[in-house]
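A.B. asks: Supplied in structure tokens, the structure appears directly below.
The values are calculated or read from the model by the stated rules, or taken from the named source; none is laboratory data. Since the model is a prediction, treat every value here as computed from it, not as a measurement. All Cβ positions, glycine included, derive from the backbone under ideal geometry; neighbour counts span all protein chains shown. All accessible areas refer to the heavy atoms of the entire protein, side chains included, with ligands and DNA or RNA removed. Shrake-Rupley method; radii C 1.70, N 1.55, O 1.52, S 1.80 Å.
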Amino acid sequence: FHIIAKTVWKVNVQLEQFKDDNPTEAHSVNGPYGLYLSCKFFFGDTEFTGKALMCGVSYAGWTLDFLIFSLHLLYVCSQEASLSKVFEALTMTSNQVSCTA
């Protein structure tokens, strides 16, 4: 859904912005350079890339080893406001403990 709804729109907006910013190169957007720019803008969407990465980690955890799924679970838990404070506290105390060792 993200690819259909948001990413394609973002790519189109960035291509139009490129045409506006570079009027002498606007004709090159229809050729191979336009395909290059589309791919660059498509994979440059960090929100999409993060979701695709989490989807890949989930699939790997589901098919290979459930230990891999713990990375996805930690990410999901850190998105919750109250649990993110817990992760911050764990990070600070782990740094303090590792410095004393």
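A.B. asks: If I ask for residues that are open to solvent by less than 50 Å² (accessible area, probe 1.4 Å) and of a type in the set (S, T, N, Q), which ones from segment 81-99 would you list?
C.D. replies: Once the filter is applied, which keeps residues that are open to solvent by less than 50 Å² (accessible area, probe 1.4 Å) and of a type in the set (S, T, N, Q), segment 81-99 yields only 84.
A.B. asks: Which residues, taken from segment 50-80, are of a type in the set (Gly, Ala, Ser) and either within 16 Å of the chain's Cα centre (by Cα) or open to solvent by 70 Å² or more (accessible area, probe 1.4 Å) (or both)?
C.D. replies: If the condition is that a residue be of a type in the set (Gly, Ala, Ser) and either within 16 Å of the chain's Cα centre (by Cα) or open to solvent by 70 Å² or more (accessible area, probe 1.4 Å) (or both), then 50, 52, 56, 58, 78 are the ones that fit.
A.B. asks: What about residue 34, is it of a type in the set (Gly, Ala, Ser) and in contact (Cβ under 8 Å) with a residue 12 or more places away in the chain?
C.D. replies: Yes, satisfied.
A.B. asks: Within segment 33-43, how many residues are exposed (fewer than 14 other Cβ atoms within 10 Å of the Cβ) and either under 30 Å from residue 72 (Cα atoms) or of a type in the set (S, T, N, Q) (or both)?
C.D. replies: 3
A.B. asks: List pairs: first residue in segment 5-31 and more than 20 Å from residue 43 (Cα to Cα), second residue open to solvent by 30 Å² or more (accessible area, probe 1.4 Å) and assigned to a helix (DSSP H, G or I) anywhere in the structure, Cβ distance under 7 angstrom, at least six positions apart or on different chains.
C.D. replies: Note: pairs meeting the criteria are 26/19.
A.B. asks: When you scan segment 12-32, do you find a residue that is part of a loop (DSSP other than H, G, I, E, B), surrounded by fewer than 13 Cβ atoms within 10 Å (Cβ to Cβ) and over 13 Å from the mean Cα position of the chain (by Cα), even just one?
C.D. replies: Yes, segment 12-32 contains a residue that is part of a loop (DSSP other than H, G, I, E, B), surrounded by fewer than 13 Cβ atoms within 10 Å (Cβ to Cβ) and over 13 Å from the mean Cα position of the chain (by Cα).
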